[in-house]
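The values are calculated or read from the model by the stated rules, or taken from the named source; none is laboratory data. Not measured: the values here are computed from a predicted model. Cβ atoms come from the backbone with ideal geometry, glycine included; neighbour counts cover every protein chain shown. Just the protein is used for accessible areas: all its heavy atoms, side chains included, with ligands, DNA and RNA removed. Shrake-Rupley method; radii C 1.70, N 1.55, O 1.52, S 1.80 Å.
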Amino acid sequence: MKPIEPTPYTRDYEITDAMFGAFRSPGGAKLFWILTAYLTIALTIIYLLLLPPMAASYGRMILSSMDSSTGAMMSELGKVMMFVFVLIVLSFSANAIVRAAFYRAYFFGVDDGLFPFRFGRDEVQQALAILGFYALVYVVAIAGGIIIGLVFGFAGVMMGESAFGFAIFLGFIFMIALMVVIYWFMVVISPAGALTALRGNTHVLAARHVSKGRRGAIFGSIFVAGLIGYIAYYALSTAGFLSGLSGLMSAELFSAILAEDSQEVVDLVQQAVNSPGFKAGLAVALFLMSAGMAFFYMIIAGPQAYFTKQWADAAQDVPYGQNPEQEAL
């Protein structure tokens, strides 16, 4: 297998092929909507199973903090963190399974019909690539935050209270710069999942070689695709929020909130969340939010796949499984 190295960037492509690459696999728009539907269902089930008990634990944690019950508060905090961890793992897994099916179709022309999933090596590698991607982004964000904190603290010590306003301004500028760095780093390693699928091995940091020379085009394509995905996610999530809120709010609850009667607010909320209307509204809300998230995840996979394939064509890199020597690796 060839080493992963940068290749010349060619501009002989339609920008729509890059931005809407998620619709341009051999499976076309049909495969896109099939995968989006499956991911929507998977995320809805995950959220229905985990978010209600997590919200309940969070509510008990808040009540415990109000009662100054530290032991109970820490116990509920532990439960909340456990739910968050399981939620992340299951969401990553669902995304990895769907991404693996998409990349099989995009790079290898595989058509597995209405159930294009295999639950094997490809899925595990996609999960590792997704985990590695976010882990590296997290490391960059933490490192940048530490640097900003040190600079801010140093400026405060050197300039004193008289320059506190300037230090705040400097910190704001650094925060903007950190956001730019984080997003640019995400672009640099964004082909990680696509490269992993193409080569049959998990690659994360090596994706920087694929994006080199193409980062502006990748950024622009992902930005447009992501913007479309975000608009869809925001619209569906807003509709879902209003659906869930409709089963929660009532005249009595609104009056209790205005009267700042915290105990009555808690009692009314507990009564509302156990009502069939609220549960139905919550299910609709989580479904709509999951649909928006699934659409977003799927549409941004297109540019990543497109430019990874362009890199492979320029490098004459044979996809995994199409070279007898690679089968033995």
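Tell me yes or no: at least one residue of segment 196-209 is in a helix (DSSP H, G or I) and touching a His at 6+ places or on another chain (Cβ under 7 Å).
yes
Name the single residue, out of those in segment 24-36 being of a type outside the set (D, E, K, R) and open to solvent by 50 Å² or more (accessible area, probe 1.4 Å), that is modelled with the highest pLDDT.
Trp33
Listed residues Ser75, Ser68; which is polar (S, T, N, Q), more than 28 Å from Ser25 (Cα to Cα), assigned to a helix (DSSP H, G or I) and at pLDDT below 95?
The conditions single out Ser75.
Hand me the list of helices (runs of 4 or more DSSP H) wholly inside segment 227-328 holding 3 or more residues that are at pLDDT 90 or above and closer than 30 Å to Ile4 by Cβ.
Helices (runs of 4 or more DSSP H) meeting the threshold: 276-299, 301-315.
Looking at the structure I just gave you, is Val210 among the β-branched types (Val, Ile, Thr), more than 12 Å from Ala129 (Cα to Cα) and open to solvent by 60 Å² or more (accessible area, probe 1.4 Å)?
Taking the combined requirement at face value, the residue does not satisfy it.
Please work out which residue is nearest to Tyr38 (Cα to Cα), limiting yourself to segment 122-143 and to residues that are open to solvent by 40 Å² or more (accessible area, probe 1.4 Å) and either of a type in the set (Val, Ile, Thr) or modelled with pLDDT under 90 (or both).
So, considering only residues that are open to solvent by 40 Å² or more (accessible area, probe 1.4 Å) and either of a type in the set (Val, Ile, Thr) or modelled with pLDDT under 90 (or both), the one nearest to Tyr38 (Cα to Cα) is Val124.
Just to be sure I understand, how many residues within segment 106-118 are part of a helix (DSSP H, G or I) and surrounded by fewer than 21 Cβ atoms within 10 Å (Cβ to Cβ)?
1
Scan segment 94-130 residue by residue and report those that are over 16 Å from Leu195 (Cβ atoms) and in contact with an Asp or Glu (Cβ under 8 Å, 6 or more places away or on another chain).
Residues satisfying the conditions are Ile97, Ala101, Ala105, Phe117, Arg118.
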